[in-house]
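Here is the structure we will look at.
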Amino acid sequence: MTERSTSTTRSTRRRLLAVGATALVAAIALTGCSSGGSDALSKQYGSGTTQNYISGDGAVTEVAQDKRTDTVDFDAKTMDGDDVTAKSLRGRVVVLNFWYASCPPCRAEAKYLNEVHAKYTDDQVQFIGVNVRDQKATAEAFERTFKVDYPTVLDADSGTMQLALSGQIAPNAVPATIVLDKQGRVAARVLGAVDSTSILDTLVSDELTGSGKAS
């Protein structure tokens, strides 16, 4: 654990929701995964107006260690043209943040994601943004404005990153943040905006130290 008070830890823990094996079924998968293909998958995020996002309530779901089964596998390219694969990230805690530029909660949470990312720069943690709607110029403008310096995958056309999580704990809201453990399995999801550093900090720290949620 990183340094934090007992009271903060207890308060944070009360906000974290346990999840059973039933939470891993395809009932919470993204719309269009089974029949609509990647085009339908990306279109679910709407027509581009500033309020047309699928809002979560910031609820946190943790997956108990003995309920983590399949690894998440993906092979994509960042906006800078670098390859990023699940296999190459094994041994690291991976934070996947699903966003797009005209989503108000995505703007609001950017500073908190940046703070947690900066804290773990020297640790075995990899943040990856997953833009579900925009093209490169729009995504780059957002990153300049909000000083995002971790890599982003443009997922609107292919749906690669979204499909990789379907059937497990899917990012079926925007924004959504998913934490993968060092084995590449889903450890936790924040559905909706990250509204402080404390929850995400705790989730990442617990996976780094191997003290993530037990049964």
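The values are calculated or read from the model by the stated rules, or taken from the named source; none is laboratory data. Bear in mind that the values here come from a model prediction, so they are computed numbers and not experimental data. Because the Cβ atoms are built from the backbone with ideal geometry, glycine has one as well, and the counts that use them run over all protein chains shown. Keep in mind that these areas ignore ligands, DNA and RNA; they rest on the heavy atoms of the full protein, side chains included. Shrake-Rupley method; radii C 1.70, N 1.55, O 1.52, S 1.80 Å.
Taken as a whole, region 67-77 holds at least one residue that is among the hydrophobic types (A, V, I, L, M, F, W, C), closer than 14 Å to L165 by Cα, in a strand (DSSP E or B) and modelled with pLDDT of 95 or more.
The rows are residues; the columns are (1) in a loop (DSSP other than H, G, I, E, B); (2) open to solvent by 10 Å² or more (accessible area, probe 1.4 Å); (3) closer than 25 Å to K87 by Cβ.
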position	(1), (2), (3)
V153	no, no, yes
S158	yes, yes, yes
A164	no, yes, yes
V174	yes, no, no
I178	no, no, yes
V186	no, no, yes
D195	yes, yes, no
D201	no, yes, no
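Annotation note: of Q135, Q124, the sole residue that is of a type in the set (S, T, N, Q) and closer than 20 Å to G91 by Cβ is Q124. Residue count for region 80-122 satisfying the condition of being among the acidic types (D, E) and touching a helix residue (DSSP H, G or I) at 6+ places or on another chain (Cβ under 7 Å): 0.
This table checks each residue for (1) surrounded by fewer than 16 Cβ atoms within 10 Å (Cβ to Cβ); (2) within 15 Å of the chain's Cα centre (by Cα); (3) part of a loop (DSSP other than H, G, I, E, B); (4) modelled with pLDDT under 95.
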site: V95; (1), (2), (3), (4): no, yes, no, no
site: S102; (1), (2), (3), (4): no, no, yes, no
site: Y112; (1), (2), (3), (4): no, yes, no, no
site: V116; (1), (2), (3), (4): no, yes, no, no
site: I128; (1), (2), (3), (4): no, yes, no, no
site: D134; (1), (2), (3), (4): no, no, yes, no
site: A141; (1), (2), (3), (4): yes, no, no, no
site: T145; (1), (2), (3), (4): yes, no, no, no
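Cβ separations smaller than 7 Å between residues 6+ apart or across chains give the following pairs from region 109-125 residues that are closer than 19 Å to T209 by Cα and touching a residue at least 24 places away in the same chain (Cβ under 8 Å) to residues that are assigned to a loop (DSSP other than H, G, I, E, B) and open to solvent by 20 Å² or more (accessible area, probe 1.4 Å): V116/T197; Q124/G91; Q124/R92; V125/R92.
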